Amino acid sequence: MTGGAGYIGGMATSMLLDAGYRVRVLDDCSTGHADAIDPRAHFVRGSFLDASAVQEAIAGCDTVMHFAGKSLVGESVQKPDLYMQVNVGGSAQLLNVMKENNVKKIVFSSSAATYGEPEEVPITEKSPTKPTNPYGLSKLKVDQLLTQRASEDGIAAISLRYFNVAGALNTSHGWLSERHNPETHLIPNVLKATPESPLQIFGTDWPTLDGTCVRDYVHVVDLIEAHIAAMKALVLGKHEIINLGSGDGYSVRQVVDAAALVVGRSIPTAEVGRRAGDPAVLIASVDRAKELLSWTPTRNLLAMMSDAHVSLR
Ligand code: UFG
């Protein structure tokens, strides 16, 4: 589990352990948190950019889940080389170490950012990939690398293209939730908003029903269930790409209204200008996930919000 101290990797570690798997975590805790790692997991503290740490972590493993990487769209625009070096270079090296150790299966955390501004929604896996920022480009390049390695080296790979992940999980070692610094994601920011520091709504003039951006939110527990299904669906010599979302879209204002219901008070907001690089609408087609993984998300926006809210208390 690369990135097993992060928001999604930490929860995936716990859920896999609960399901009876043995898990080894590789993380340098540069953005993750050591206390998010389930104490039942074997923890190798190190970077996935360090071949010897990767070697130590993956020796004897059956499957790699690759969550580690840089994931801030804004930062990627400032430092495109860093995103290529870490996300693409690091993943290429990880694949090399896997090959040396005869580890042939990988589930990769890809992103809806690989599609860029969609020409039509819902977005299917056949939609054009025209990323609008270096983060999305770096994820796309890793997807392409996996296609190449599946055909040349016969590995089994699945890229899961996440839409907007939210929610939290109560584990035997406490609640796990988003702890990014800085926090850029909508739902944690909505829940943290105060009259002194209101939620900034980025743009109210988008071509949508209420003028705010529409996104497809998926509960992190549903998302991880899809990873476990993906792990079981890996086929040697094949690379599959699968969208993970809910298939539904909610505007920023709808998210704010849902949060007010959950927390029982109004959410202080301030309307500000558009954020650079935001597409107006991103909604996934999840037909392929249903077909290949027999997976359907079951936790709705209110559940994501309510779990995230409880985890903050
Ligand atoms: N938003 C606000 N105020 C905030 C934070 C967000 O109005 O304080 C808006 C954004 O403008 C956007 C929506 O809420 O319209 C969702 O924003 P997030 O930052 O929560 O998520 P993004 O859609 O920007 O990003 C997600 C993933 C990225 C991925 C991207 C794909 O977090 O990793 O989808 O485009 F790259």
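Cα axis of helix 7-18 to longest principal axis of the chain: angle in degrees, 0 to 90, nearest 10?
60
Rounded to the nearest 0.05, what FRET efficiency is calculated for Glu56 and Lys232 with R0 set to 25 Å and r the Cβ-Cβ distance? Write out the running numbers ahead of the final one.
Numbers: r = 26 Å, r/R0 = 1.05.
With a Förster radius of 25 Å, E is 0.45.
Using Cα-Cα distances under 8 Å and only pairs 6 or more residues apart, what relative contact order does the chain have, in percent? Could you put the intermediate results ahead of the total?
Working: 658 pairs, mean separation 57.7, N = 313.
Relative contact order comes out at 18 percent.
Within segment 95-190, which trypsin sites (Lys or Arg not before Pro) sit in a loop by DSSP and count at most 12 neighbouring Cβ atoms inside 10 Å?
Working: sites: Lys99, Lys104, Lys105, Lys126, Lys139, Lys141, Arg149, Arg161, Arg179; in loops: Lys104, Lys126, Arg179.
Listed in order of number, the matching sites are Lys126.
If you scale each eigenvalue of the Cα gyration tensor by 5 and take the root, what three semi-axes come out for segment 78-220, rounded to whole angstrom and sorted largest first?
Details: eigenvalues 201, 86, 44 Å².
Computed over segment 78-220, the values are 32, 21, 15 Å.
On average, how much area does the Cα convex hull of the chain cover when viewed from any direction, in nm²? Provide the component values of the computation, followed by the final result.
Details: hull surface 59.7 nm².
The directionally averaged projection comes out at 14.9 nm².
Can you give the accessible area of Ile267 in Å² (nearest 10), computed on protein heavy atoms with a 1.4 Å probe?
Roll a 1.4 Å probe over it and Ile267 shows about 20 Å².
By how many nm would the segment from Glu117 to Leu312 lengthen if fully extended, with 0.36 nm per residue of separation less the alpha-carbon distance? Numbers along the way, then the final one.
Details: separation 195, 0.36 × 195 = 70.20 nm, distance 3.28 nm.
Full-extension gain reported as 66.9 nm.
May I have the pair-distance distribution P(r) for segment 169-271, computed from all Cα-Cα distances with 5 Å bins from 0 and rounded to whole percent?
For segment 169-271, the binned pair fractions read 2, 10, 16, 18, 18, 14, 10, 7, 4, 2, 0 percent.
What figure, in Å² to the nearest 10, do you get for the accessible area of His185 with a 1.4 Å probe and non-protein molecules left out?
80
Just tell me which lysines come within less than 18 Å, Cα to Cα, of Lys126; anything on the same chain fewer than 8 places away is out.
List returned: Lys139, Lys141, Lys238, Lys290.
For segment 227-313, what is the relative contact order in percent, using Cα pairs closer than 8 Å and at least 6 residues apart in sequence? Write down the numbers at each step before the final one.
Values: 54 pairs, mean separation 39.1, N = 87.
Computed over segment 227-313, the figure is 45 percent.
What is the percent carbon and sulfur in the accessible area of the chain, measuring with a 1.4 Å probe over the protein chains and ignoring ligands? Intermediate results must be reported in sequence, preceding the final value.
Numbers: 6980 of 13950 Å².
The value for the chain is 50 percent carbon and sulfur by accessible area.
Report, by chain and number, residues whose modeled amide H sits under 5 Å from the one on Lys238, excluding near sequence neighbours (fewer than 5 apart, same chain).
When sequence neighbours closer than 5 places are left aside, the close amide H contacts are Ala157.
Output the 0 to 90 degree angle, nearest 10, between the alpha-carbon long axis of helix 301-312 and the longest principal axis computed from the alpha carbons of the chain.
It is inclined by approximately 80 degrees.
Once the Cβ-Cβ distance between Thr194 and Thr296 is put in as r, and R0 is 35 Å, what FRET efficiency do you end up with, to the nearest 0.05?
Working: r = 37 Å, r/R0 = 1.04.
Efficiency for this residue pair is about 0.45.
Expressed as a rounded percentage, what relative contact order does segment 152-216 have, with Cα pairs under 8 Å and six or more residues apart?
Values: 36 pairs, mean separation 13.4, N = 65.
Relative CO of segment 152-216 lands at 21 percent.
The values are calculated or read from the model by the stated rules, or taken from the named source; none is laboratory data. Bear in mind the structure is a predicted one, so any value in this text is a computation, not a measurement. Because the Cβ atoms are built from the backbone with ideal geometry, glycine has one as well, and the counts that use them run over all protein chains shown. Surface areas here come from the heavy atoms of the whole protein model, side chains and all, with no ligands, DNA or RNA. Shrake-Rupley method; radii C 1.70, N 1.55, O 1.52, S 1.80 Å.
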